[in-house]
1. For region 79-129, what does the convex hull of the Cα positions come to per residue, in cubic angstrom?
2. Taking H as built 1.01 Å from N, whose amide H comes closer than 5 Å to the amide H of residue 18, not counting residues under 5 places away?
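Here, each number is a calculation from the coordinates, and none is a lab measurement. This one's a predicted model, so the numbers in the text were calculated from it and none came from an experiment.
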Amino acid sequence: MASWLDQRTAPHVGTATLICIPSAGNGDFQFDRWPDTVGPWCVVRPPVVGDLGGGAPGTRSAAQPPSGLPERAAELVADLKRRGIEKFALFGHEGAALLGYQVAVELDRQGAPAPLRLFISGCPAPQFLSRYAGEAHTEPTDDELTERVLATAVAMGTIPLPSIVAAGARALRAELAALRAYQMPHPAPLRCPLTAIRWLDQGIEAEVVAGWSAYGDTDLVQLPGSGLSYATEPADLLRVIGDRMPAADRRRPAEW
């Protein structure tokens, strides 16, 4: 079984690890502006097996239909258990936050150690998901998805290769399909606390983010910025994360 975790800094025994789940289509560069001094952290990159499409690392080829969120969560949980990682928090932005939620659900289902905290960035609570990715929404064209990938890359100061852009557009379409197929769970409190973050310029209503309170002990945070600020200007977000990680495990850099 291939590992889902690309380790940026080596976790120490007894030290919490922040596991970051990338937002689809935003490329491997989306955490490049996070300082190494955040503390031990890893980036999830789903393994690619037999990628015939020449896609970018961490993306599935068009020949490999993506599994749903619960199935992907079960794969990630299996990898965490195989690696013996039990002391961690989860961070996800937009659709990736829903995958983080499903990981917490799967850990609860298995009776495994719960995450220290689930950080949900810019993501509607499941009961509001149809407003943003429901069947009533028009399927975006390839050109529209390509423009979104390019806009993200430009915002990050990157000019990606055409193959990377194509892989990002495929990842966005796959995520949209997974979100539309997602069966809204019956709200049940998780064992771990949640922090739900609303970006003021992202265009998601406050009530939609506040809806996460139905899924556990949730604190709500509003931050200035757009849906890309978690990657382009992460200082405010990292302060929120640092304040909520276990005190013995956090290392706060001077620029926070």
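1. Value for region 79-129: 72 Å³ per residue.
2. 41, 42, 89
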